[in-house]
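Accompanying notes for the structure given below.
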Amino acid sequence: MALDDPIGDDLLRLMFIACHPVLATDARIAPTLRLVGGLTTEEIARGFLASVPTIQQRIVRAKRTRSGTLMVANRTSVRRVAA
């Protein structure tokens, strides 16, 4: 992958948003695997040895937490901004 590849930059930015420190460590993993890794909820559940509804709930809670915090992503950083 080229260093100036915009798709690579977008994927990296997405990973930083999915792994934002506003989320607890265990709440970062499932959304990151889903958003960045492209795994299905069923595949993530199998990896965690958890039920699909449990993983679905983790992803929903992470989305709610992130939506309560405005995150600004630019070319150099991802930061939390008071809404």
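The values are calculated or read from the model by the stated rules, or taken from the named source; none is laboratory data. Computed from a prediction, not measured in an experiment: that's the story for all the values here. Cβ atoms come from the backbone with ideal geometry, glycine included; neighbour counts cover every protein chain shown.
State all residues of segment 6-49 that are of a type in the set (Lys, Arg) and surrounded by 15 or more Cβ atoms within 10 Å (Cβ to Cβ); if no residue qualifies, say none. Within segment 6-49, 13, 28, 34 qualify.
A Cβ distance below 6 Å, combined with a sequence gap of six or more or placement on separate chains, defines the contacts here; from segment 48-60, residues that are over 12 Å from residue 34 (Cβ atoms) reach residues that are at pLDDT 90 or above and of a type in the set (Gly, Ala, Ser) in the pairs 52/45.
Hey, among the residues in segment 50-62 that are among the β-branched types (Val, Ile, Thr) and either out of contact with any helix residue (DSSP H, G or I) (no Cβ under 6 Å at 6 or more places or on another chain) or under 20 Å from residue 19 (Cβ atoms) (or both), which one's surrounded by the most Cβ atoms within 10 Å (Cβ to Cβ)? Ranking the qualifying residues of segment 50-62, first place goes to 55. Report those helices (runs of 4 or more DSSP H) wholly inside the chain carrying at least 1 residues which are touching a strand residue (DSSP E or B) at 6+ places or on another chain (Cβ under 7 Å), at pLDDT below 85 and at negative phi. It comes to 6-18.
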